[in-house]
Amino acid sequence: MPTPPPTGPLVTRDTIATQLRLLGVETGETLLVHSSLSALGWVNGGPVAVVQGLLDALGPAGTLVVPAQSADLSDPALWSRPPVPREWWDRIRATMPPYDPLTTPTRGVGVIPETVRTWPGARRSAHPHTSFAALGPRAREITDGHAPDCRLGERSPLARLERLGARVLLLGAGYDACTAFHLAEYRIPAPLVDVGRPAPGGGWETVREVSITSHRFDELGHDFERDRPVVRGKVGAAGARLFPVADAVAYAERWLALHRPREEDFHHPRA
């Protein structure tokens with residue numbers, strides 16, 4: 001049987017830039033984007049056209065930031081999708097390539113962040129699990145100095161984005177992907193966990209980190225949108241939401257302390 005034609009809509013670089021401006025994206029601003037390419041429709045040029053459209057909307061004075069996570073550089077004992085045999089674990093730990101901001105691919109954040117990561121002039125932060133990539137005049141300021149023992153806290157690009165007045169754009173992505181909420185986890189009581197990963201010079205290391213989880217972020221986002229100003233619209237076929245990083249963090253601090261206290265985690269720590 002012949003492959004049926006796409007149902008659309010047909011989305012181009014110009015479509016994306018125009019609809020982002022109509023949504024309220026401003027020339028020269030700093031934008032943290034969580035995205036889904038498939039949610040946009042049929043994009044002529046795929047992720048390259050999306051990145052071009054984002055850069056067009058931001059202009060040369062704007063800065064585009066994306067999560068560039070590489071959580072596969074982690075302890076194989078915790079892998080579940082898929083798991084690997086227990087007898088492989090020691091060998092995997094001993095031979096896993098260490099994090100390299102230039103060559104380590106992203107994982108689990110979609111093809112648009114991977115396209116930004118490899119874009120000419122992109123900067124990427126140093127944390128081996130939860131890096132961010134950025135394009136634009138503030139890229140270095142945002143990505144430099146990401147502490148290796150601070151995934152998404154005060155010494156991460158998230159805190160810099162908050163201070164710089166950046167906004168979040170959810171582009172076909174849900175609130176469960178909103179990394180800004182994680183910064184709030186560092187400002188309320190949270191357990192610490194041991195996190196294993198390949199050491200920079202080879203071998204294996206374990207570091208102590210704040211435990212983070214996106215559990216109930218969808219509910220948090222629902223309440224945030226109900227109570228705070230969130231710009232909503234469409235880009236292509238994708239639902240889009242636009243709001244300040246600082247608003248999201250402040251609201252999440254209060255909401256998580258009330259609705260998702262983690263005292264139980266202090267007795268049953270988990271990675």
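For the stretch 96-177, the Stokes-Einstein estimate of translational diffusion at 4 °C and a viscosity of 1.567 mPa s comes to 97 µm²/s, using the Kirkwood hydrodynamic radius over alpha-carbon pairs. Between Thr27 and Arg91, the modelled labels are 5.8 nm apart [label points 7 Å from Cα along Cα→Cβ]. Basic side chains Lys and Arg get +1 at the Cβ, acidic Asp and Glu get -1 at the Cβ, and with that the dipole of the chain about its Cα centre reaches some 380 debye.
Report the relative contact order of the stretch 177-259, percent, no decimals, based on alpha-carbon pairs under 8 angstrom and at least 6 residues apart.
Computed over the stretch 177-259, the figure is 34 percent.
Magnitude of the charge dipole for the stretch 68-124, about its Cα centre and with charges confined to Cβ atoms of Lys, Arg (+1) and Asp, Glu (-1), is about 120 debye. Only protein heavy atoms count here; under a 1.4 Å probe, Arg107 has an accessible surface of about 130 Å². Residues of the stretch 9-25 with an amide N closer than 16 Å to a point placed 7 Å from the Cα of Ala237 along the Cα-to-Cβ direction: 9-12, 16.
Whole angstrom only: what separates the Cα centroid of the stretch 64-106 from the Cα centroid of the stretch 164-202? Computed from Cα coordinates, the inter-centre distance equals 17 Å.
What ranking, highest mean first, results for peptides 167-179, 230-242 when packing means the other Cβ atoms within 10 Å averaged over each residue? Provide the component values of the computation, followed by the final result.
Numbers: 167-179: 23.0, 230-242: 18.5.
Per-residue Cβ counts within 10 Å, averaged per peptide and sorted highest first, yield 167-179, 230-242.
How would the stretch 109-157 be classified by its alpha-carbon gyration tensor: rounded, prolate or oblate, with rounded meaning a/c under 1.5 and the a/b versus b/c comparison settling the rest? In terms of gyration-tensor shape, oblate. Sorting 27-36, 76-85, 136-145 by their mean Cβ neighbour count within 10 Å, with the most densely packed peptide first, gives 27-36, 136-145, 76-85.
The C-alpha atoms of the chain define a longest principal axis, and helix 245-259 lies at about 50 degrees to it. Helix 217-227 axis versus longest C-alpha principal axis of the chain: approximately 50°, rounded to the nearest ten.
The values are calculated or read from the model by the stated rules, or taken from the named source; none is laboratory data. Please read all numbers here as calculations on a predicted model, not as lab measurements. Reconstructed Cβ throughout: ideal geometry from the backbone, glycine too, with neighbour counts over all protein chains shown. With ligands, DNA and RNA removed, areas are computed over all heavy atoms of the protein, side chains included. Shrake-Rupley method; radii C 1.70, N 1.55, O 1.52, S 1.80 Å.
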